[in-house]
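Visitor: The structure's right below; bear with me while I get my questions together.
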Amino acid sequence: MIEKWNSYRALAADVVVRKFRSMALVTLIAAAAATPALAQDKGVLDEGTLTVAATASFPPIVSVDTNGAYVGIDADIVEAIAKQAGLKIKWVNIKFDSIIPGISAKRFDVGMTGITDTVEREKVIDFVNYANVGSGIIVQAGNPKGVSKLADICGLIVASQTGDVATTYANEQSKKCVAEGRQPVVVNEFPEATQSMLQLQNGRADIIIHDYPLSAYQVQHSGGKLQLAGGQFSEAPYGMAIFKGNTALRQTLMSGLDAIIANGEYGKILDKYGVAEIGIKKATYNAASK
């Protein structure tokens, strides 16, 4: 009887051990699966890291300061979003026309250098929209010509960079001026933006038109010689470019953006660069096609 009882005890112990080993194995498998799942949930290529491609030569959008840090509107916003998501940033400084192909090839998580969300671009990548950006008019301090909107530039001299959208705006407005019986706009084009800026500062031009953040930046660094005339116009959404169909990363970025909008950090970043007008109230995605 004792031997039989001992046999039962041994058998029961063996069952317990096997059950324990089975449970331990399941736990280990679950734990092993949890780590990559966590990275996948956030949609990033490397766990814990957000790889951001940028062309870091466009202040105040994004540039590199003397300490090697990435600074600017885009840099500050994506850094704040990454912090909310518990991610570190890995910056990659590349040419602008290489950003979207790099995103499509899954070399980077995010492309962010003042990239305008367009229907055409949405065919190959997705966008998480973080700002609505238009163009701004720069005039001499005191606004001697009384300009407050694009319709006020009839008969004035516009200095612009060759090929810039400002030239298109000025020429289109000139046609409207003539059609209304007013003086045409005189458009003088220069190879470099710095040359057109000198024309305004030296009084040989009445206005300059730039992307609104660049306009605000030029005014801030003009030593009081220039000012903005009115607000921005012809707004379009700026977006963080991500791989097409990466819904996990889209949600990570949108949640992070909504969080910094809600806690006020987003507004402080825009105020820091004098571009409160480009702000949005809630994160969106692929806004150009909606």
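Every number in this text was worked out from the coordinates using simple rules, so none of it is lab data. Worth saying up front: this structure is predicted, and the values here are computed from it rather than measured. Virtual Cβ from ideal backbone geometry, glycine too; neighbours counted across all protein chains shown.
Visitor: At 0.36 nm per residue, minus the direct Cα-Cα distance, what do GLU172 and LYS88 gain on full extension? Give it in nm, one decimal, please.
Guide: Once the chain is fully extended between GLU172 and LYS88, it gains 25.7 nm.
Visitor: Compute the helix-to-body angle for 165-179: its Cα long axis versus the longest principal axis of the chain, expressed 0 to 90° and rounded to tens.
Guide: 40
Visitor: Over the Cα atoms of region 213-290, Rg to Rh with Kirkwood Rh, two decimal places?
Guide: 1.05
Visitor: Still on this structure, I have one more. Note down the nm distance, to one decimal, between modelled labels 7 Å out along Cα→Cβ at LYS281 and at THR247.
Guide: 2.7
Visitor: To the nearest µm²/s, what D does Stokes-Einstein give for region 70-228 at 10 °C and 1.306 mPa s, using the Kirkwood radius over alpha carbon pairs as Rh?
Guide: So the translational diffusion coefficient is about 89 µm²/s.
Visitor: Ranked by Cβ crowding within 10 angstrom, fewest neighbours first, how are HIS210, HIS221 ordered?
Guide: By the 10 Å Cβ count, ascending: HIS221, HIS210.
Visitor: Hey, with R₀ at 25 Å, roughly what FRET efficiency would LYS145 and HIS221 work out to, going by the Cβ-Cβ distance, to 0.05?
Guide: Efficiency, rounded to the nearest 0.05: 0.70.
Visitor: On to the next question. So for region 135-234, averaging the separation of alpha carbon pairs under 8 Å that are six or more residues apart and normalising by length, what relative contact order in percent results?
Guide: With pairs under 8 Å counted, the relative contact order is 47 percent.
Visitor: Roughly how tilted is helix 247-262, in degrees to the nearest 10 and between 0 and 90, from the longest Cα axis of the chain?
Guide: 60
Visitor: Now a separate question. May I ask you to derive the FRET efficiency for VAL165 and VAL124 from their Cβ-Cβ distance with R0 = 30 Å, giving the value to the nearest 0.05?
Guide: 0.85
Visitor: Calculate the FRET efficiency for SER104 and LYS290 from the Cβ-Cβ distance with a Förster distance of 25 Å, rounded to the nearest 0.05.
Guide: Efficiency computed from Cβ-Cβ geometry: 0.70.
Visitor: Taking a 29 Å limit on the Cα-Cα distance, which of the listed pairs LYS149/LYS281; LYS88/LYS282; LYS42/LYS123; LYS176/LYS272 fall beyond it?
Guide: As for pairs spanning more than 29 Å Cα to Cα, those are LYS176/LYS272.
Visitor: Separate question: Extending each Cα 7 Å along its Cβ direction at ASN188 and ASP97, get the distance between those two points in nm, one decimal.
Guide: Those two pseudo-labels are separated by 3.0 nm.
Visitor: Run the helix sum for the chain: -39,500 (n - 2.57) per DSSP H stretch of 4+ residues, divided by residue count, reported at 222 nm to the nearest 500 deg cm²/dmol.
Guide: So the helix-based figure for the chain works out to -13000 deg cm²/dmol.
Visitor: How big is region 44-97 in terms of Cα radius of gyration and Dmax, in angstroms?
Guide: 11.0, 30
Visitor: So which residue, out of ALA69, ALA85, ALA229, gets the largest mean-square fluctuation from a GNM of the chain using Cα contacts under 10 Å as springs?
Guide: Result for the chain, Cα springs under 10 Å: ALA69 fluctuates most.
Visitor: Can you pull the Kirkwood radius for region 135-234, inverse mean 1/r over Cα pairs, to one decimal in Å?
Guide: 13.1
Visitor: Once a ≥ b ≥ c are taken as the square roots of the eigenvalues of the Cα gyration tensor of the chain, is the result rounded (a/c under 1.5), prolate (a/b larger than b/c) or oblate (a/b not larger than b/c)?
Guide: It comes out prolate by the Cα gyration axes.
Visitor: Hey, another quick one. Under a Cβ-Cβ cut-off of 11 Å, what is the net charge of the residues other than THR51 that fall near it, where Lys and Arg count +1 and Asp and Glu count -1?
Guide: Around THR51, the surrounding residues sum to +2.
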